[in-house]
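The values are calculated or read from the model by the stated rules, or taken from the named source; none is laboratory data. Every value quoted in this text rests on a predicted model; they were computed, and no experiment measured them. We place every Cβ from the backbone using ideal geometry, glycine too, and count neighbours over all the protein chains shown.
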Amino acid sequence: MKRAGWVTAALLGCATAAYADEGGPDPELPRSLAEEYVVPPQPAPGGGRFSLGGMAGYVRVRDADQGTWHAGVVARYQIHPVLAVEGSISFHTEDFADGDVQITTYPVQVTALVYPLPNLPIRPYGLIGVGWYYTRFDYASSLGIKDETDRQFAVHVGAGGEISVGPSFTIFADFRWLFLDEPGVDNSNISNEEFDTWMVTIGGLFRF
């Protein structure tokens, strides 16, 4: 009987060693160290989470000589895993009429974001919102037109996605169409023109 017990113990020891060699958990490794090798999945942010960060991207305004870069700050509040609200402010400048007209715009946007699949590693979202666009028109002196400012209201829609990088940082990217046209506007005067715009944005958010 004693011999059988020794044989059983030896077999168990060999099986344990073989399991460890094949990648199984080492029974001699302290639990605290073993847990360091396991990266827990990052769940979708729950309700009541506030995020703040920066953003940058590319803007193309209709009839502009070319597109331009934009930059700004953004804040999001996660109401629910499938719903968030966002506020942002940025700025960008476009040239028209071969540079004789320069238009600088400061978009202030409020946006609702809907996450149809909040538990995926990369969370897609759709977005819709409104914005107020504070614009400065700078004319070349040769045009004889006085510089002026204007305010416009617009609706925007789009889609994007975000991914968590660690427990407190998120990277996002999205595409937005801005609709500023209104009926009854005299578009023959560039200072009264209301521009359709598309915007690509990438940014990072720190969650609190």
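Please work out if ILE128 is in the same structural domain as VAL74 (by TED's automatic domain parsing), of a type in the set (Val, Ile, Thr) and closer than 16 Å to ALA173 by Cα. It would help to see each step written out before you state the result.
On the way: in the same structural domain as VAL74 (by TED's automatic domain parsing): yes; of a type in the set (Val, Ile, Thr): yes; closer than 16 Å to ALA173 by Cα: yes.
Yes; evaluated as a whole, the condition is true for this residue.
Among ASP186, ASP150, ASP196, which is at pLDDT 85 or above and among the charged types (D, E, K, R)?
ASP150
Does VAL130 qualify as being closer than 17 Å to TRP177 by Cβ, in contact with a strand residue (DSSP E or B) (Cβ under 8 Å, 6 or more places away or on another chain), surrounded by fewer than 15 Cβ atoms within 10 Å (Cβ to Cβ) and at pLDDT 90 or above? If you could, list the steps in order and put the result at the bottom.
On the way: closer than 17 Å to TRP177 by Cβ: yes; in contact with a strand residue (DSSP E or B) (Cβ under 8 Å, 6 or more places away or on another chain): yes; surrounded by fewer than 15 Cβ atoms within 10 Å (Cβ to Cβ): yes; at pLDDT 90 or above: yes.
When the stated conditions are applied, VAL130 passes them.
In the set THR201, THR170, THR135, which member is modelled with pLDDT of 85 or more, in contact with an Asp or Glu (Cβ under 8 Å, 6 or more places away or on another chain) and more than 27 Å from ASP95 (Cβ to Cβ)? Show your work before the answer.
On the way: THR201 fails: more than 27 Å from ASP95 (Cβ to Cβ); THR135 fails: more than 27 Å from ASP95 (Cβ to Cβ).
Being modelled with pLDDT of 85 or more, in contact with an Asp or Glu (Cβ under 8 Å, 6 or more places away or on another chain) and more than 27 Å from ASP95 (Cβ to Cβ) holds for just one of THR201, THR170, THR135, which is THR170.
Here are VAL82, VAL74: which of them is out of contact with any Pro (no Cβ under 7 Å at 6 or more places or on another chain), assigned by TED's automatic domain parsing to the domain that holds PRO124 and at pLDDT 75 or above?
Numbers: VAL82 fails: out of contact with any Pro (no Cβ under 7 Å at 6 or more places or on another chain).
VAL74 is the lone residue from the list that is out of contact with any Pro (no Cβ under 7 Å at 6 or more places or on another chain), assigned by TED's automatic domain parsing to the domain that holds PRO124 and at pLDDT 75 or above.
Filter segment 119-174 down to residues that are touching a helix residue (DSSP H, G or I) at 6+ places or on another chain (Cβ under 7 Å) and among the aromatic types (Phe, Trp, Tyr), then give me how many there are.
Counting residues in segment 119-174 that are touching a helix residue (DSSP H, G or I) at 6+ places or on another chain (Cβ under 7 Å) and among the aromatic types (Phe, Trp, Tyr) gives 1.
Which count do you get for residues in segment 94-127 that are modelled with pLDDT under 95 and among the aromatic types (Phe, Trp, Tyr)?
Residues in segment 94-127 being modelled with pLDDT under 95 and among the aromatic types (Phe, Trp, Tyr): 2 in total.
Would you pick out the residues in segment 147-183 that are closer than 22 Å to GLN102 by Cα and basic (Lys, Arg)?
ARG151
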